[in-house]
1. Considering the dipole of the range 49-217 built from charges on the beta carbon (Lys and Arg +1, Asp and Glu -1) around the Cα centre, which of 139, 88, 71 is farthest to its positive end?
2. If the chain between residue 199 and residue 64 were fully stretched, how many nm would it gain, using 0.36 nm times the residue separation less the Cα-Cα distance?
3. I need the calculated FRET efficiency for the pair residue 117 and residue 54, taking r as the beta carbon distance and R₀ as 30 Å, to the nearest 0.05.
4. What are the ³J(HN,Hα) couplings of the range 103-112, residue after residue, when phi is run through the Karplus curve with 6.51, -1.76, 1.60 and θ = phi - 60°? Round to Hz, x for glycine and proline.
5. Return a whole-number percent for the relative contact order of the range 49-217, with Cα pairs under 8 Å and 6 or more residues apart as the contact set.
6. Roughly how many nanometres apart are two label points built 7 Å out from the Cα toward the Cβ at residue 184 and residue 99?
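Every number here is computed from the coordinates shown, using simple stated rules; none is lab data. Predicted model, so just to flag it, every value in this text is computed and none were measured. In this analysis, Cβ positions are derived from the backbone assuming ideal geometry, glycine residues included, and neighbour counts consider all displayed protein chains.
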Amino acid sequence: MKENQGTTTSSQRTSNQANSLAGGAPLRAPARGMGAVAARPAILRVVIRPARPDDLEEATLVERRVWGRLGASLNELQRRLFALPEAFLLAELQRPGQAPQIVGLTNGLLWTRDFPRSYLEYERILPSASHNPRGDVLYLASVGVDPSLRARGIGLHLIQEAIEVGRRRHLKQVRLIANSRARSLYERAGFATVRPLPRLFRQHRDLMPQPVLMELQLV
Ligand SMILES: CC(C)(COP(=O)(O)OP(=O)(O)OC[C@H]1O[C@@H](n2cnc3c(N)ncnc32)[C@H](O)[C@@H]1OP(=O)(O)O)[C@@H](O)C(=O)NCCC(=O)NCCS
């Protein structure tokens, strides 16, 4: 069994820049089969924090592991960080004696409420190019967690921190495009489905099955 499997716990908040998972509450352990061999639980400390420019090469590798051919390039991530640094969030795994490791990310950009007029228009542009500083909607792009560390609550905490960014900026909504696998996760975070987007990501249904627009009202 790999070191990062087993029961996970979070640690206390470390600073106002970095938020450790659940403020100290235990994270869900991944589901195990009945016949699984019990192993000594590993303690994982995962901190959610804003990205810095020197994180982006590693973040690009996580993007690629999560999204394959749809993964954002280093250049695109640099543009997203420049657009709205406080909403470019990383999940960082911290283990004693080891270098911290980026294991998840999401990046928020600002949209006006009438953007995009058509979601086909959205697919033709890079998310960084959709950023509009006058917007009051936080659009979350690239919600992803390293496949080896899923189902431990990291994704939920990334989203919750992103929602907090939206609240702190007094934005009106948080919006994202969900696939059918992630819908229940976003519902847990408070999002509601607005409508299906059946013509979006037609070439990428393996990565984005049954895309839907989801929104969370902040005010
Ligand atoms: C979505 C994702 C970020 C969730 O990360 P996570 O740390 O596993 O999330 P949590 O542990 O907080 O929550 C688990 C939930 O994630 C969702 N999920 C599980 N596997 C998933 C997958 N392969 N793809 C998308 N969502 C998934 C489910 O809703 C699950 O809840 P459930 O256990 O009730 O079914 C992660 O699965 C991922 O990177 N998936 C691939 C990229 C993607 O689809 N992103 C969402 C874009 S819409």
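1. 139
2. Details: separation 135, 0.36 × 135 = 48.60 nm, distance 2.38 nm.
Full extension from residue 199 to residue 64 adds 46.2 nm.
3. 0.20
4. 10, x, 7, 8, 9, x, 10, 9, 10, 7
5. With pairs under 8 Å counted, the relative contact order is 19 percent.
6. Result: 3.7 nm between the two label points.
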